[in-house]
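Chemist: Take this structure, written in structure tokens, and hold onto it; I'll ask about it next.
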Amino acid sequence: MAWYWPPVEAASDRGNWTSAEQLRQARDRRRILTRTTAGRIGAVLLNENARSVDHRYDADEIEAPYLFTELPGRADPVVILKAIAFYTYHSSEHTGWTGSEAETFCTALRHRAIQALPGYDTAPWGIEDHAAFRSPSPDPGPR
């Protein structure tokens, strides 16, 4: 999974995403989530959450350093989506949240989790047939 931080600045060459400046920014600002970088992004997420909690409760707590621990198995995309909703709810209380690397990472992770949902790959890209809105599977019942 990848994201850009800070975001690539379209204003540097408006309307031309293949300019030398835009390509340089994309190369220099691309972040990739790997086992090696997971500790850094975990620390970024923890710090952003701490900033939000401190702002909300007018506190100044010192957090323990973040240490990445890999979990076994493959993550369920629905659980990931719910975790992102939980995290952003608790981390967006302060003015620095919007545009932060944590917000940018959560947006990229949300998109990645959505793409991992069953049926996403086979769903139509554009809707030309209204029947595409109907699920081919039986109704799961009341929600």
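Chemist: Could you list, in sequence order, all residues of region 73-87 that are open to solvent by 30 Å² or more (accessible area, probe 1.4 Å) and more than 15 Å from N47 (Cβ to Cβ)?
Modeler: G73, R74, A75, D76, V78, V79, I80, L81, K82, A83, A85, F86
Chemist: So K82 passes all but one of these: (1) among the basic types (K, R); (2) in a helix (DSSP H, G or I); (3) under 25 Å from R30 (Cα atoms). Which condition number does it fail?
Modeler: K82 satisfies all of (1) among the basic types (K, R); (2) in a helix (DSSP H, G or I); (3) under 25 Å from R30 (Cα atoms) except (3).
Chemist: From S100, S92, S52, S19, grab the single residue that is surrounded by fewer than 16 Cβ atoms within 10 Å (Cβ to Cβ), on the phi < 0 side of the Ramachandran plot and without any contact (Cβ under 8 Å) to a residue 60 or more places away in the chain.
Modeler: S19
Chemist: Output the residue which, of all residues in region 103-136 that are among the hydrophobic types (A, V, I, L, M, F, W, C), farther than 23 Å from I32 by Cα and open to solvent by less than 100 Å² (accessible area, probe 1.4 Å), is farthest from the chain's Cα centre (by Cα).
Modeler: The initial filter retains those residues of region 103-136 that are among the hydrophobic types (A, V, I, L, M, F, W, C), namely 105-106, 108-109, 113-114, 116-117, 123, 125, 127, 131-133.
Applying the additional criterion that residues be farther than 23 Å from I32 by Cα yields 123, 125, 127, 131-133.
Of the ones still in play, those that are also open to solvent by less than 100 Å² (accessible area, probe 1.4 Å) are 123, 127, 131-132.
Details: A123: 22, I127: 26, A131: 31, A132: 27 Å.
The extreme case among them is A131.
Chemist: Evaluate the following for E70: is it in contact with a His (Cβ under 7 Å, 6 or more places away or on another chain) and either surrounded by 12 or more Cβ atoms within 10 Å (Cβ to Cβ) or in contact (Cβ under 8 Å) with a residue 24 or more places away in the chain (or both)?
Modeler: So E70 does not fit the description; no.
Chemist: Follow-up. Let me confirm something: among A38, A26, which residue is over 20 Å from A102 (Cβ atoms) and under 18 Å from the mean Cα position of the chain (by Cα)?
Modeler: The unique qualifying residue is A26.
The values are calculated or read from the model by the stated rules, or taken from the named source; none is laboratory data. Note that this is a predicted model, so its numbers are computed, not measured. With ideal geometry, Cβ positions are generated from the backbone for all residues, glycine too; neighbour counts draw on all protein chains shown. For accessibility, only protein heavy atoms count, side chains too; no ligands or nucleic acids. Shrake-Rupley method; radii C 1.70, N 1.55, O 1.52, S 1.80 Å.
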